[in-house]
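The values are calculated or read from the model by the stated rules, or taken from the named source; none is laboratory data. Predicted model, so just to flag it, every value in this text is computed and none were measured. Positions of Cβ are backbone-derived with ideal geometry, glycine not excepted, and every protein chain shown enters the neighbour counts. Please note that ligands, DNA and RNA were not included when accessible areas were found on the heavy atoms of the full protein model with its side chains. Shrake-Rupley method; radii C 1.70, N 1.55, O 1.52, S 1.80 Å.
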Amino acid sequence: NRNIIFIKNDNDEIVGFSSLKKEKDEKKICTLYVKDSYREIGIGEILLEESFKYLETDKPLVTFSEDNYPLYEKIIKKYDWRLTQRVKDKYKIGKEEHCFNGYLNKN
């Protein structure tokens, strides 16, 4: 089961979304994105709270590339997510993926 949650502005433009995967053995936030000009105003938190409701957990599997990690550091601390794994070359060659609250299949 997959779901995408969107947030739109007054002009009906998508300014943020979360892409979710919910299966028996995996509850994952695949993507969390907020447009640059809409960051730092709470949209990410709204997306996360709605994602938690859908996934039925506030500790879903979440991964961040090492180069994007600083963008999500506040969220990681706020929700007390725990680093559980680091996987090199999973999504970006030469980059390490930081995994929280679970493990990625290494295949």
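Among residues that are assigned to a strand (DSSP E or B) and either in contact (Cβ under 8 Å) with a residue 40 or more places away in the chain or on the phi > 0 side of the Ramachandran plot (or both), Leu32 is included.
Listed here are the residues, each with its yes/no results for (1) of a type in the set (Asp, Glu); (2) modelled with pLDDT of 95 or more; (3) under 14 Å from the mean Cα position of the chain (by Cα); (4) open to solvent by 80 Å² or more (accessible area, probe 1.4 Å).
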residue: Tyr38; (1), (2), (3), (4): no, yes, no, no
residue: Phe52; (1), (2), (3), (4): no, yes, yes, no
residue: Thr57; (1), (2), (3), (4): no, yes, yes, no
residue: Pro60; (1), (2), (3), (4): no, yes, yes, no
residue: Leu71; (1), (2), (3), (4): no, no, yes, yes
residue: Trp81; (1), (2), (3), (4): no, yes, yes, no
residue: Lys95; (1), (2), (3), (4): no, no, no, no
residue: Phe100; (1), (2), (3), (4): no, yes, yes, no
residue: Asn107; (1), (2), (3), (4): no, no, no, yes
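Across region 40-50, the qualifying residues are those that are at pLDDT 95 or above and within 24 Å of Tyr91 (Cα to Cα), and the one among them that is nearest to the chain's Cα centre (by Cα) is Leu48.
Exactly one of these conditions fails for Lys53: (1) free of Cβ contacts under 8 Å to residues at least 12 places away in the same chain; (2) assigned to a loop (DSSP other than H, G, I, E, B); (3) not hydroxyl-bearing (Ser, Thr, Tyr). Give me its number. Result: Lys53 fails condition (2) only. In the set Phe64, Phe6, only one residue is within 11 Å of the chain's Cα centre (by Cα) and at negative phi; that residue is Phe64. Of all residues in region 65-79, those that are part of a loop (DSSP other than H, G, I, E, B) and touching a Leu at 6+ places or on another chain (Cβ under 8 Å) total 1. If I filter region 7-29 down to residues being open to solvent by 50 Å² or more (accessible area, probe 1.4 Å) and either assigned to a helix (DSSP H, G or I) or hydrophobic (A, V, I, L, M, F, W, C) (or both), which single residue comes out as nearest to Asn101 (Cα to Cα)? Here the residue is Phe17.
Which residues, taken from region 58-106, are small (Gly, Ala, Ser) and closer than 16 Å to Cys30 by Cα?
Ser65, Gly102
Report, by residue number, each residue of region 16-67 that is basic (Lys, Arg) and in contact with a Phe, Trp or Tyr (Cβ under 8 Å, 6 or more places away or on another chain). Residues satisfying the conditions are Lys22, Lys59. If you go through region 80-104 and pick out every residue that is touching a strand residue (DSSP E or B) at 6+ places or on another chain (Cβ under 9 Å) and either within 21 Å of Phe17 (Cα to Cα) or assigned to a loop (DSSP other than H, G, I, E, B) (or both), you end up with 16.
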